[in-house]
Amino acid sequence: MTVMTSRWTNLSPYLKSLMRIVAAFMFLQAGTVKLFGWPMAMPGGQTVELFSQTGIGGLMEVIGGALLLVGLFTRPVAFLVAGEMAVAYFLGHFPNGFWPHTNMGDPAVLFCFVFLYIAAKGSGLWSVDSLRGAPAAKV
């Protein structure tokens, strides 16, 4: 094993945590825009109705994003929000065309597969799951 490969391998658990934290932070912002109009307002300056399809999605993004940000119940939460992103893509973007880049579905596709990866691999070392000794954090 080369020195470079060895370094990357040693950093892997930390980079996995960093990927989870960054993805969760971005995901959380998608929800806060929908529910609270923060850090920017939605088009028209309004927020969504809480019990609408988009409002429930925003609620999942805020709650799921916060749980993923701290790494609590990471695997089941990541699996649920990956499913949410698949539904969001096929209901909201796919009807506007096949290719994600042309139907504005890039974020939904990327979030879906990043969260599927996190569901499979766990939260990483920097997480509440790791602190509480959850086996999901160590894989």
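Counting neighbouring Cβ atoms within 10 Å and putting the fewest first, the residues Tyr117, Tyr89 line up as Tyr117, Tyr89.
Between the listed residues Tyr117, Thr32, Pro135, the Cα displaced farthest toward the positive end of the dipole of the chain, a dipole computed from Cβ unit charges relative to the Cα centre, is found at Pro135. Between Thr2 and Leu91, the distance separating the two model label sites (each 7 Å from Cα on the Cα→Cβ line) works out to 4.7 nm. Site-free segments of the chain were taken between trypsin sites (Lys or Arg not before Pro) in DSSP loops having at most 15 other Cβ atoms within 10 Å, sites themselves excluded; the longest one is 1-131. Charging the Cβ of each Asp and Glu at -1 and of each Lys and Arg at +1, and nothing else, the dipole of the chain about its Cα centre rounds to 560 debye. Across all C-alpha atoms in the range 23-92, the radius of gyration and Dmax reach 11.8, 36 Å. Per-residue Cβ neighbour counts within 10 Å put Met26, Met85 in the sequence Met26, Met85, beginning with the fewest.
Each value in this text was obtained by applying a stated rule to the coordinates, not by laboratory testing. Just so you know, these numbers come straight off a predicted model, no measurement behind them. No Cβ is skipped: glycine too gets one built from the backbone with ideal geometry, and neighbour counts run over all protein chains shown.
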